[in-house]
Amino acid sequence: MDIKAKTEKTRTTLISLVMLGIAWQLAALGLADSSVLPPPAEVWAILVGEWRSGELVFHITQTLQRVAAAFFLAMGIGSVIGVVLGKMPALDRWLDPWVVFFLNLPALVVIVLCYLWIGLNETAAIVAVALNKTAMVIVIMREGVRSLDPDVAEMARVYRFSAWKRLRHVLIPQLAPFISTAVRNGLAVIWKIVLVVEFLGRSNGVGFQIHLYFQLFETGYVLAYALSFVAVMLALEYALVQPWEARARKWRRVQTPA
């Protein structure tokens, strides 16, 4: 993306956010009850106060740690199983019903069962989140392996590439777009499930704070914590995920049709 396109995208994003803020302000004025929908200025004041007290930073950090742990667990296990199933059609036929089952199992059911079986602890929280995402990673990576170009693999065999060279120069470049898709989808889903896990059974984190202020009917605090964490995840999306995704897709773009 060139500088002009980036500038245009930034301008459009800022205008969209300003319009959202204006719509929010008008809606708050129309309701005339700040306990239902506080105006942006009030939510901002709450956010600043929580930041200065250290509460916001502490709870966001706790949630980010759970997101990271569940994300890497789901990506690691899901990638290995997905590659194996993609390489072994016979095994895939046996395990595909299980993959479909976990793919359609409601996240809330998984969370509740993990808390019942493992207990209301950190292990149960992370396992519940990881289980909810692993099946999707398996499906994405399995399709990636199925789409591998056999001609590239044959070329590596002819030139007698070592196992490490095949992994680095043949397998990973072809799977990179699928890995980036799994990463993006994973982050988009996992952080939301983490908030539910914290809402139901943890004593800290953004989800816990949302639950606390929900019970107190403090809409401003609920919005402050929710929007602050959304902002953190958007920052990760634009600063890390999108640049890495663009780099991962270069291999596909440089291919030319035969």
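The values are calculated or read from the model by the stated rules, or taken from the named source; none is laboratory data. Please read these numbers as outputs of a predicted model, since none were measured by experiment. Note that we place each Cβ from the backbone using ideal geometry, even for glycine, and neighbour counts take in every protein chain shown.
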- prompt: So which of Leu120, Leu116 is over 19 Å from the mean Cα position of the chain (by Cα) and part of a loop (DSSP other than H, G, I, E, B)?
  reply: Leu120
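Return yes or no: is Val57 at pLDDT 90 or above, within 18 Å of Ala182 (Cβ to Cβ) and loosely packed, with under 14 Cβ neighbours inside 10 Å? Break it down into steps so the answer makes sense when it comes.
On the way: at pLDDT 90 or above: yes; within 18 Å of Ala182 (Cβ to Cβ): no; loosely packed, with under 14 Cβ neighbours inside 10 Å: yes.
No; evaluated as a whole, the condition is false for this residue.
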query: How many residues does segment 177-222 contain that are in contact with an Asp or Glu (Cβ under 9 Å, 6 or more places away or on another chain) and not hydroxyl-bearing (Ser, Thr, Tyr)?
result: 17
query: Do any residues in segment 98-120 that are among the hydroxyl-bearing types (Ser, Thr, Tyr) have Cβ atoms under 6 Å from those of residues that are in a helix (DSSP H, G or I) and modelled with pLDDT under 90, where the two are at least six apart or on different chains, and which pairs are they?
result: Tyr115/Gly201
query: List the pairs whose first member sits in segment 180-207 and is on the phi > 0 side of the Ramachandran plot, whose second member is in a helix (DSSP H, G or I), and whose Cβ atoms are under 6 Å apart, counting only residues at least 6 apart or on separate chains?
result: Gly205/His59; Gly205/Gln62; Gly205/Thr63; Gly205/Glu198
task: All but one of (1) surrounded by 13 or more Cβ atoms within 10 Å (Cβ to Cβ); (2) in contact (Cβ under 8 Å) with a residue 24 or more places away in the chain; (3) more than 17 Å from Val230 (Cβ to Cβ) hold for Gly49, so report the exception by its number.
output: (2)
